[in-house]
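What follows is one structure encoded as structure tokens, with my remarks underneath.
Nothing in this text is a laboratory measurement; each read-out follows from the coordinates by a stated rule. These numbers were taken from a predicted model, which means no experiment stands behind them. Don't worry about glycine lacking a Cβ; one is built from the backbone with ideal geometry, like all the others, and counts go over all protein chains shown.
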Amino acid sequence: MMRQFELVERVKSYDPSADEDALNRAYVFTVKAHGSQKRASGDPYFSHPVEVAGILAGMRLDSSSIITGLLHDTVEDTLATLEEIERLFGPEIARLVDGVTKLSRVELTSGQTKQAENFRKLVLAMSEDIRVLLVKLADRLHNMRTLRFIKDADKRRRIARETMEIYAQLAERIGMHEMKDQLEDLAFAELHPDAREGIRARLAFLREKGGDVVPRVIAELRNTLKEGGVDARVTGREKSPYSVWRKMQRKDVGFEQLSDIMAFRVVVDTVEQCYQALGVMHSRYPVVPGRFKDYISTPKPNQYRSLHTGVIGPERQRIEMQIRTREMHEVAELGVAAHWSYKEGAPKTEGPQYRWLRELLDILEHASGPEEFLEHTRLEMFQDQVFCFTPKGDLFALPRGATPVDFAYAVHSEIGDTCVGAKINGRLVPLRTPLQNGDQVEIVTSKAQTPSPTWERFVVTGKARARIRRFIRTQQRQQYLDLGKAIVQKAFRQEGQDFAEKALEPVLKDFEAETLEDL
């Protein structure tokens with residue numbers, strides 16, 4: 001466990017102006033507050049918030065985030081109150097601790113509805129300040145590292161599944177690839193231990209058989225780039241067991257048929273050098289068709305930027321390469337956390353990487369309940385993406401299999417509601433046509449149009465599905481209102497009475513209805 005002076009020194013190493021006094025006070029406060037409490041592992045409970053603060057310091061986050069990491073369980077698990085934290089550490093810390101506490105409170109109760117409700121609260125909390133999510137991810141990462149100490153196997157599997165389905169996906173969405181890889185691998189170890197061990201054994205065998213193949217490949221790539229006039233840092237790494245397993249599942253192939261288990265990274269100083277390095281590689285080695293992607297000219301929604309290519313490289317090895325600048329590399333590893341570093345007064349939920357967050361809030365507004373919200377957002381988060389453009393050149397990232405209707409709703413809810421047709425690359429197409437990478441999509445609208453119930457059969461984004469379902473619910477309610485009113489009017493006529501809505505008001509209580517519409 002990290003000691004008090006070590007934590008303060010680590011934060012001061014990247015942020016000399018950090019509030020040393022507040023960090024020290026928060027450390028002492030959490031140790032005293034948790035007192036003799038123990039974790040499932042038998043360790044003192046305060047070791048957990050200290051480790052969470054250490055993970056956040058590793059991301060080079062501001063002091064407020066580190067202090068929140070230290071205090072995040074005090075309101076939930078000790079006698080400390082939010083008022084006390086606000087008095088001792090100020091309103092900003094109190095607000096962040098409150099955001100994390102609200103999530104933990106719901107998390108303790110399992111079940112689909114509670115999980116959905118928890119996720120809804122998480123989206124609301126992180127929409128106000130993304131640091132709530134950063135602390136929550138660090139909290140989940142440390143809990144996953146100590147998951148084996150929980151005796152109840154069902155509880156372990158539930159936590160692992162929730163980590164895989166929600167937290168790892170959120171980490172990816174905010175560009176935190178290293179965090180995502182760790183969460184996925186720890187969850188994979190719990191959910192599919194035999195598959196993970198099998199892949200690890202095969203990777204170890206390949207390492208043994210290949211000996212020093214990776215250092216040799218790195219040395220040759222570095223020399224090739226140097227000869228081409230590019231000074232670059234080249235590193236190589238094995239893909240994680242989970243990403244290998246997922247590729248085997250997706251492509252329905254065995255381990256032996258995978259030829260790109262190694263990924264190499266080329267880090268240079270400028271964007272121009274990225275393209276220069278790509279040119280050197282493509283002129284020296286045969287290119288694997290269909291493996292080139294340019295995320296520099298069209299970044300991913302989480303602001304990930306890099307050139308990806310596959311080549312038959314040194315020693316006839318088929319390798320994947322990522323070419324990026326140092327700044328791109330920092331954003332690729334830390335994502336939003338890179339923007340939230342102590343040195344940036346970054347806006348809390350602005351910028352392109354938050355477009356998906358605004359879409360989640362939009363789905364939240366239109367879903368009928370927490371479960372439907374969770375279903376729609378899982379659709380939104382789990383699928384690979386295609387990048388399409390409006391005629392003006394605005395870029396939209398959509399899940400693979402998305403249609404012009406999904407695109408219309410991504411541009412604006414009203415455009416989706418009034419969509420009557422679509423042109424892809426200038427050609428009129430049916431609304432159910434799947435979009436491809438790089439398509440230019442023009443939506444034709446009409447004020448007379450309303451969402452069609454048949455659209456729900458082919459749309460794939462949560463936002464589109466939530467809007468369509470909401471419209472259908474509203475339409476059905478109107479039909480029921482009209483039918484109900486006709487039945488009441490008929491009853492009045494049969495009794496020889498003139499129909500008047502006023503006459504119904506006295507009986508609302510008898511039918512437990514609040515309004516005439518409900519009646």
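Summary of computed values
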{"read-out": "Modelled FRET efficiency - R0 41 Å, Glu238 with Glu128, Cβ distances, 0.05 increments", "value": "0.60"}
{"read-out": "Filtered GluC sites (Glu not before Pro), the range 452-513: DSSP coil and at most 11 other beta carbons within 10 Å", "value": "Glu495, Glu512"}
{"read-out": "FRET efficiency for Lys209 and His308, using Cβ-Cβ distance with R0 set to 41 Å, rounded to 0.05", "value": "0.95"}
{"read-out": "Directionally averaged projected area (convex hull, Cα atoms, the range 195-334), nm²", "value": "8.8 nm²"}
{"read-out": "Shape box of the range 419-460 [Cα atoms, principal axes, largest first, Å]", "value": "28, 22, 12"}
{"read-out": "Table column - 3J(HN,Hα) (Hz), the range 245-258, Karplus curve with 6.51, -1.76, 1.60, x for Gly and Pro", "value": "5, 5, 5, 4, 5, 5, 8, 6, 10, x, 4, 5, 7, 7"}
{"read-out": "Across Lys32/Lys155; Lys180/Lys463; Lys180/Lys247, pairs whose alpha-carbon gap is larger than 22 Å", "value": "Lys32/Lys155; Lys180/Lys463"}
{"read-out": "Karplus (6.51, -1.76, 1.60) ³J(HN,Hα), θ = phi - 60°, over the range 310-323, in Hz, Gly and Pro reported as x", "value": "x, 9, 8, x, x, 6, 6, 7, 7, 10, 9, 10, 10, 10"}
{"read-out": "Three-way shape call for the range 380-452 based on the alpha-carbon gyration tensor, with the a/c threshold at 1.5", "value": "prolate"}
{"read-out": "Karplus (6.51, -1.76, 1.60) ³J(HN,Hα), θ = phi - 60°, over the range 429-443, in Hz, Gly and Pro reported as x", "value": "9, x, 5, 8, 5, x, 7, 10, 3, x, 5, 9, 10, 10, 9"}
{"read-out": "Listed peptides 284-291, 397-404, 246-253, 313-320 by packing density, highest first (mean Cβ within 10 Å)", "value": "397-404, 313-320, 284-291, 246-253"}
{"read-out": "Proximal charge balance of Leu7 [Cβ under 15 Å; K/R count +1, D/E count -1]", "value": "-3"}
{"read-out": "Environment charge at Lys447 (Cβ cut-off 14 Å; Lys +1, Arg +1, Asp -1, Glu -1)", "value": "-2"}
